[in-house]
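First comes the structure, then the notes that go with it.
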Amino acid sequence: MLTKAILAAGVALTATAASAVTITLDDFTTQFEVGSVAGPLVTDGAAVTSDAQVVGSGATRTGTLEVTGNGSPGTNFASLTSTGGQIQLSQDSSVDGQFTLTYNIGSILFDAYNTMSNPEDLGTLDVFVSNSDGNPRTLSLSLNGVVQDTTASAQFIDGSASFPAETQSLSFDPDELTGSDVFVFSFNPFENTDWTATFLEFNIEEVPPPPPTDVPAPAALGLLGMGLAGVGFSRRRRKTA
């Protein structure tokens, strides 16, 4: 019974140790501001950049929206909104825009990463997408000026049972964290694309420890010792006879 209790305690400790670092980078409840005026970023061509703002994680965010192609400038626009728990890109017909979100996170992730005992080789920035049309789009992530990952998608998403919301993940190398870290999330869609996400989240998993090895109970060891001693005594008696 004592051995079983010890083993159970070991399993419990193992389960506790196998944890992860999870930090919500941006829940998109903070509106963009340009010149201290809150509202969406809107353009028909040249890049427009928001003021630097502190978001819920403590990171400082700036957003930039740019239109690289427009069949009807002055009439058709692209807009990027961050409010009410979601970020939304909307583009009029024949408008081809892209946006970047730059986050100066300082040591937020670095400090959490250094508390881990055995982290995985790669972490992820998870993008929770709630709505998108089927147009091609490319997501990319850089850390301190170095591109970490790029992924492309053309999946239709509307949050329904038929086309459910999905998580798109971009990986990064936590060993490149310095404590003065800047992440840049870029979104480059096809023209006339509509896209909505609910939040960005960092995840670094802990490597699971090996399963515990069964240890024989003390009573079983005692019986085994007595058995071996009995075998030895029996052999000596046979030799004497």
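Some points to look at:
- Filter result for the condition that a residue is in contact with a strand residue (DSSP E or B) (Cβ under 9 Å, 6 or more places away or on another chain) and loosely packed, with under 13 Cβ neighbours inside 10 Å, over Phe156, Phe185: Phe156
- Failed criterion for Thr151 (all others in (1) within 17 Å of Ala197 (Cβ to Cβ); (2) surrounded by fewer than 17 Cβ atoms within 10 Å (Cβ to Cβ); (3) out of contact with any Leu (no Cβ under 9 Å at 6 or more places or on another chain) hold): (3)
- Against the criterion of being of a type in the set (Ser, Thr, Tyr) and modelled with pLDDT of 95 or more, Thr102 qualifies.
- The single condition among (1) of a type in the set (Ser, Thr, Tyr); (2) crowded, with 21+ Cβ neighbours inside 10 Å; (3) outside any strand (DSSP E or B) that Ser117 does not satisfy is (2).
- Looking only at residues of region 154-169 that are farther than 19 Å from Val184 by Cα and among the small types (Gly, Ala, Ser), we find that the one that is nearest to the chain's Cα centre (by Cα) is Ala165.
- Filtering region 145-189 to residues that are assigned to a strand (DSSP E or B) and touching a residue at least 60 places away in the same chain (Cβ under 8 Å) leaves Asp181, Val182, Phe183, Val184, Phe185, Ser186, Phe187, Asn188, Pro189.
- Region 61-83 - residue that is of a type in the set (Gly, Ala, Ser) and at pLDDT below 95 and, of those, surrounded by the fewest Cβ atoms within 10 Å (Cβ to Cβ): Gly74
- Number of the condition not met by Thr22 [criteria: (1) farther than 30 Å from Tyr113 by Cβ; (2) modelled with pLDDT of 95 or more]: (1)
- Test: residue in region 163-176 that is within 23 Å of Gly69 (Cβ to Cβ) and out of contact with any His (no Cβ under 6 Å at 6 or more places or on another chain): no
- The set of residues from region 26-60 being among the aliphatic types (A, V, I, L, M) and either surrounded by 18 or more Cβ atoms within 10 Å (Cβ to Cβ) or in contact (Cβ under 8 Å) with a residue 60 or more places away in the chain (or both) comprises Leu41, Val48, Val55, Ala59.
- Taking the criterion of being more than 19 Å from the chain's Cα centre (by Cα) and in a loop (DSSP other than H, G, I, E, B), the residues of region 120-144 that qualify are Asp133, Gly134, Asn135, Pro136.
- Contact map, region 70-99: first residue touching a residue at least 24 places away in the same chain (Cβ under 8 Å) and at positive phi, second residue in a strand (DSSP E or B) and not aliphatic (A, V, I, L, M), Cβ cut-off under 9 Å, separation 6 or more or different chains; pairs are Gly85/Thr198; Gly85/Phe199; Ser94/Gly69; Ser94/Asn70.
The values are calculated or read from the model by the stated rules, or taken from the named source; none is laboratory data. Only a predicted model underlies this, so the values are computations on that prediction, with no experimental measurement involved. Cβ atoms come from the backbone with ideal geometry, glycine included; neighbour counts cover every protein chain shown.
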